[in-house]
4 protein chains.
Amino acid sequence: MKPTVLLDPSFRRMKEIFTKNDRERLYDIANVVWGKDRPIPAEKVAKVRKEVVAVVGSDWRYGPIERFPRLRAFLEVSGRFPDSDYFDFETCFRRGIRVLSCAPAFGPAVAEMALGLALAAARNIPAGDAAVREGRERFGLAGNIHTFHLYDQTVGFIGFGGLARALKPLLAPFRCRIQVYDPWLSEGFLRAQGVVPAGLNALLGTSKVIFVLAAPSASNQALLSRKRLERIRNESVLVLISRAHLVDFDALTQMLYAGRFRAAIDVFPKEPIPKRHPIRKAPGVVLSAHRAGGDAKGFRGIGRIVVNDLEAILAGHPPQEMQAAQPEFIRNLGPR
Amino acid sequence: MKPTVLLDPSFRRMKEIFTKNDRERLYDIANVVWGKDRPIPAEKVAKVRKEVVAVVGSDWRYGPIERFPRLRAFLEVSGRFPDSDYFDFETCFRRGIRVLSCAPAFGPAVAEMALGLALAAARNIPAGDAAVREGRERFGLAGNIHTFHLYDQTVGFIGFGGLARALKPLLAPFRCRIQVYDPWLSEGFLRAQGVVPAGLNALLGTSKVIFVLAAPSASNQALLSRKRLERIRNESVLVLISRAHLVDFDALTQMLYAGRFRAAIDVFPKEPIPKRHPIRKAPGVVLSAHRAGGDAKGFRGIGRIVVNDLEAILAGHPPQEMQAAQPEFIRNLGPR
Amino acid sequence: MKPTVLLDPSFRRMKEIFTKNDRERLYDIANVVWGKDRPIPAEKVAKVRKEVVAVVGSDWRYGPIERFPRLRAFLEVSGRFPDSDYFDFETCFRRGIRVLSCAPAFGPAVAEMALGLALAAARNIPAGDAAVREGRERFGLAGNIHTFHLYDQTVGFIGFGGLARALKPLLAPFRCRIQVYDPWLSEGFLRAQGVVPAGLNALLGTSKVIFVLAAPSASNQALLSRKRLERIRNESVLVLISRAHLVDFDALTQMLYAGRFRAAIDVFPKEPIPKRHPIRKAPGVVLSAHRAGGDAKGFRGIGRIVVNDLEAILAGHPPQEMQAAQPEFIRNLGPR
Amino acid sequence: MKPTVLLDPSFRRMKEIFTKNDRERLYDIANVVWGKDRPIPAEKVAKVRKEVVAVVGSDWRYGPIERFPRLRAFLEVSGRFPDSDYFDFETCFRRGIRVLSCAPAFGPAVAEMALGLALAAARNIPAGDAAVREGRERFGLAGNIHTFHLYDQTVGFIGFGGLARALKPLLAPFRCRIQVYDPWLSEGFLRAQGVVPAGLNALLGTSKVIFVLAAPSASNQALLSRKRLERIRNESVLVLISRAHLVDFDALTQMLYAGRFRAAIDVFPKEPIPKRHPIRKAPGVVLSAHRAGGDAKGFRGIGRIVVNDLEAILAGHPPQEMQAAQPEFIRNLGPR
């Protein structure tokens, strides 16, 4: 008999995250209990709970984990680990239940957008496009005031998790020197990755492009405070791509209006952005409506790694592609 | 006594193309005759012509080359070989006078812009920026209709000269399969470079991104005719970065209005673009005012390779960095 | 007060595995209890056991793990996880005690030797050297019978763990197509790594160079049986670098005498090799006395990653460089 | 009518250098006059000389070049340009006749052997093999005295021509810092290639592995004199792979006997090596009988690039794969 898997993608939909082929693979290896993109009725869950070996979901909404004696894995499909205020990680760690995040499915797409936004800002692509459309473009050297190349620049990464590791190879042909601030990683490890460990202030003051790549945690809210943002040099570009949580967004907005530095922003404190939020009209910034990871191909990547890792787990092997919750990491994340 | 060099950068200016350091190196190795960014007076040229071993210039405006008995090199600083209607290449070939173009100085800058424009088009960055500014952005999946990733795409290069060779490594981390159409190169050579030789029609019909990278020649005017453009698939992107000469621009403009495919365009048949040219309002296209190579850093690259190669030539070694005129290549270029 | 760490490297010696600098870093972050390269006396252990947060060792020889209430990590320095017959992994998993192996410290050194041995065999380097020394060398084409290049060859990896992942980049400039047999990894994962999943028989029958890279486990003893070895083609080379455990060594020896294929061997069923073992005189094989990982620099790598990861753990972060024991992996390894 | 090509590979043989496929391609594009691997009879040459557009050969043995009014290319298949004492380069340069060398066909094979020899020396592979065969091997650390890894080493290239450029990518995964001594190239050019220009003495005194990669010229005979060899450090390895011409071979032999440094040698002042030459018994050296380029696959590479470039030339395009004789280079080479 096939092992039982609850499939409850919550705000995502079955067709969004699984190709036909991956859906078939999933049904091949498991007895799938699915609520047809609505919550699975509690009585249906109650009936199978003793048999459930894995849950593919977004939030945990099935009561105490203890009630699932054979549970071996929770595979989340939203893109971030559940909040530890609501999810019982400690029981999972004690019982060896894997808690896995689909975040790696978005890594390459987001990294590509980070590079695209960096080039768009460095070479002034959107403003140059608007200028031609409005008949005020300038050709040649006069059209390239304030632009720069990525080649041989010193760039800074704030955070060196999965997203940073997906971005690093895209910058390799540009021979950038990569400085990294990540207080959760040792200097020795960073050096072994071919990047340069740096303090946050030094990084901000010496990087031509600064990529904000860290996941939000209890300790990094508004890490880029007004005071820290002031360290950024006039000609530099801040690429805000992981979460607005890490930045004092009001200060950032004011500094863009003041022409202090340039930026490219894909994530905002409130999404959708309030209609009259001043960021909409800010100069020297490329704006994007949280589109870095959110395309159809990226969503299908979720299904692919979920089925690959579920297959591994059911065959008695460790998962390989999703991000496994490390106890220390989860404790450091804190409630968000 | 130092060898005499005429320095006559024509429409470029000394300070644009030489850093202070390169200017000093130049004056160290040569007796430089310079017209202070104006044409060197004819009588001044006449006085030194028997001693001149090299000319750094843009057009040749000093009468028959035979009058310069010791001439060993003409180093052009405009970015393209002089037109063979006006420049006596055959005498140079017969006498072993090197004719060198500074085009390679622009390669990396233009390649970076080609990648930036491709990502801007693929990920819809300028349109997404405009949408946020005008308050009509859509978040998430809805904001990513028609976008795609470069990863693992089949792309097409039209031309495989210096520009293509500078672009190829930038695409490497995206694992693109690169198809090349270049009638001046053998299939065997192309395969040895790790690209796939392709016919032009096949390339147009199967590439997700098509980069127009060839230098203009007598034989490639409007190579991308209306009929050929019609082979491009709906969801593909044409990146026009070398010269508008290669494309039937009217047909291209009409097809963009018809939504037949998408594009990114840095070069135009007339520059500046006429005020009312319909391309300015075309949908599905990223526009840029011939800005790919034209920034200060790129211009300084001209001076650097001019001095490096002049140094080599004066020391009795072959030049290494500028593009040397090959007789067959010049004859194939034809008058343009 | 600093956390207490037992340092008991067993058959290794403090000076072998730690540079002066790493030793100082270790003593900076921990209260180190060391037996001066002899077992730590039991009474000394008993006195501190309630305070011990980490053990750096080779075997566990301190009684039940339960007696160490604050233990958070066991960092092994021998190069392989302890045998599950003797080590209580399950308690560690339940209590969240990290069991970490120093195997990654050897990866680059062993991968380099694997490439060196492959080239030595492909290009016949040791036999060519012996020929010159004995005055029977042949120059040019006649000296290159049976040699081949690595460029563009299809190669096979048996196992795709840390060692394989360190070897892969060394082969990249040779553009090899890499086939992988690893029953513990999904096809999807392997494809995402840029290698080609393959069945064992197909791999053996189609690879020009076959690298044996898997760690020994309960299920892979003599995986390369006589019958499987017979699938290897005449002109191919078997590089045996992880453990002799995976091969029917008698069959391999006989096949080398029969000239069936060629090999390079760094590991043997018994080490030292018995004086009269026939492998010593076998033709068509490059022999090496388990020297791939065992040099001074590799040993110092152990100390470096032990201190780096200990530092991370004591600071409340997940370890990054050592190999963490995964429950499924340990269970699959089985007693060896 | 097809253009006439003399095919006179001299000491090489048709079947050695052309695959069946390349031979067919050759006969497809040209009217081939071949002497069946013997010199083409003079009267046969005389009959066609006015029609000959290209000669594929080794030495020029057909009288004054002026007698061949339509000659456009001489493609040499021996691996080095003809000696300027015997070959009339100046007429070729004046008339625009291409003189092309097949040396690039050997680049990858020789580079692979250079890496193989460097690893063999660094990791002591041939001596380790001999030790096991003679029953005097030592396992583990004791077997690795004097070995070292290539990772992160500083290496030196003497010469930065085609061979060096084929070796550089093979070293890339080892992250070596590459110092280059090449008096024919500017510092600016070398830096742009990602290597570090260095004086010869500094290079010898600071490189862990020194690769001799330069082609022999009038000015580099015994460039590595006894005095210069003395600068090499005790633990370093000299890899002699291009020509023995560049080294004081007697001094080198004596220094190996004295244990001053280690070496790997593929080329010798006299080949075959005299029976009693002391190098045969020298310690600390890996010996190879000029086998780096001389295998069947390398020889077939000659035919491939000859046909590719002949095809290009006959179609009116510049050759791409063979090395074109540059006037300055030929003059610097001098008589050898």
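Taking Cα atoms, how many degrees apart are the long axis of helix D:296-314 and the longest axis of chain D, rounded to 10 and kept between 0 and 90? Tilt relative to chain D: about 40 degrees. Applying the Karplus relation 6.51 cos²θ - 1.76 cosθ + 1.60 with θ = phi - 60° to the range C:19-30 yields 3J(HN,Hα) values of 6, 4, 4, 5, 4, 5, 4, 4, 5, 5, 9, 9 Hz, where x marks Gly and Pro.
Close amide H partners of A:His277, meaning residues 5 or more places away or on another chain with modelled amide H under 5 Å apart, do not exist here. Considering only A:Ala282, A:Ala122, A:Ala164, the Gaussian network model of chain A with Cα springs below 10 Å gives its largest mean-square fluctuation to A:Ala282. Calculated from the alpha-carbon coordinates, the range A:256-319 shows an Rg and a Dmax of 19.2, 58 Å respectively. Amide H to amide H, with H built 1.01 Å from N, C:Val239 comes under 5 Å of C:Ile210, C:Phe211, C:Val212, C:Ala264, counting only residues 5 or more places away or on other chains.
Beta-bridge orientation, the protein assembly as shown: approximately 5 percent antiparallel, per DSSP, counting only bridges with both partners inside. Based on C-alpha pairs under 8 angstrom that are at least 6 apart in sequence, the range B:1-140 has a relative contact order of 20 percent.
Evaluating 6.51 cos²θ - 1.76 cosθ + 1.60 at θ = phi - 60° for every residue in the range A:260-266, the Karplus couplings come out as 5, 7, 10, 7, 9, 10, 10 Hz, glycine and proline recorded as x. Look at the Cα gyration tensor of the range B:1-113: its axes a ≥ b ≥ c give a/c of at least 1.5 with a/b at or below b/c, and that counts as oblate.
Prolate is the label for chain B, because the ratio a/c of its alpha-carbon gyration tensor axes (a ≥ b ≥ c) is 1.5 or higher and a/b is greater than b/c.
For the pair the range D:266-336 and the range D:210-247, the centres of their Cα atoms are 17 angstrom apart. Taking amide H atoms as placed 1.01 Å from N in the peptide plane, the amide H of B:Thr154 lies under 5 Å from those of B:Arg177, B:Lys208, each 5 or more residues away in sequence or on another chain. In chain A, helical runs assigned H by DSSP with n ≥ 4 each contribute -39500 (n - 2.57); averaged across all residues and rounded to the nearest 500, the mean residue ellipticity at 222 nm is -9500 deg cm²/dmol.
Could you give the size of the charge dipole of the range B:106-287 about its Cα centre, using +1 on the Cβ of each K and R and -1 on the Cβ of each D and E, expressed in debye and rounded to the nearest 20? Show your work: numbers first, answer last.
Numbers: 23 positive and 13 negative charges, 65 e Å.
It works out to roughly 320 debye.
When averaged across all projection directions, what area in nm² does the alpha-carbon convex hull of the range B:106-287 cover? It would help to have the intermediate numbers written out before the result.
On the way: hull surface 42.8 nm².
Quarter of the Cα hull surface area: 10.7 nm².
Highest GNM mean-square fluctuation among D:Val110, D:Val55, D:Val132, for chain D modelled with Cα contacts below 10 Å: D:Val132. With its label point defined 7 Å out from Cα along the Cα-to-Cβ axis, D:Lys275 lies at 3.6, 9.6, 10.3 nm from the matching points of the other copies, in increasing order.
Our summary gives the range D:190-336 a relative contact order of 21 percent, counting only alpha carbon pairs under 8 angstrom and 6 or more residues apart. How would the protein assembly as shown be classified by its alpha-carbon gyration tensor: rounded, prolate or oblate, with rounded meaning a/c under 1.5 and the a/b versus b/c comparison settling the rest? Here the protein assembly as shown falls in the oblate category.
For the protein assembly as shown, give the magnitude of the charge dipole about the Cα centre (Cβ charges: +1 Lys/Arg, -1 Asp/Glu; no others), in debye to the nearest 20. Could you put the intermediate results ahead of the total?
Values: 200 positive and 132 negative charges, 1 e Å.
With only Lys, Arg, Asp and Glu charged at Cβ, the dipole is about 0 debye.
Using 19 Å as the Cα-Cα cut-off, could you pick out the over-long pairs in A:Lys281/B:Lys275; C:Lys168/C:Lys270; D:Lys36/D:Lys297; D:Lys20/D:Lys297; B:Lys15/B:Lys44; B:Lys15/B:Lys297?
On the way: A:Lys281/B:Lys275 26 Å; C:Lys168/C:Lys270 29 Å; D:Lys36/D:Lys297 22 Å; D:Lys20/D:Lys297 13 Å; B:Lys15/B:Lys44 22 Å; B:Lys15/B:Lys297 12 Å.
A:Lys281/B:Lys275; C:Lys168/C:Lys270; D:Lys36/D:Lys297; B:Lys15/B:Lys44, as the Cα separations exceed 19 Å there.
Computed 3J(HN,Hα) for the range C:180-197, one whole-Hz value per residue from the Karplus formula 6.51 cos²θ - 1.76 cosθ + 1.60 where θ = phi - 60°, is 10, 10, 8, x, 8, 10, 7, 4, x, 5, 4, 4, 5, 8, x, 10, 10, x, glycine and proline marked x.
Here the contact order of chain A, divided by its residue count and restricted to Cα pairs under 8 Å and six or more residues apart, works out to 19 percent. Given the options B:Ala215, B:Ala114, B:Ala192, state which has the largest fluctuation in a GNM of chain B using a 10 Å cut-off (strictly under) for Cα springs. Comparing B:Ala215, B:Ala114, B:Ala192 in the GNM, the peak value goes to B:Ala192. Only bridges with both residues in chain A count here: give the DSSP antiparallel percent, nearest 5. Here the share of antiparallel DSSP bridges comes out near 5 percent.
No lab work stands behind these numbers, since they all come straight from the coordinates. Here the structure is a predicted model, which means the values were calculated and not measured. With ideal geometry, Cβ positions are generated from the backbone for all residues, glycine too; neighbour counts draw on all protein chains shown.
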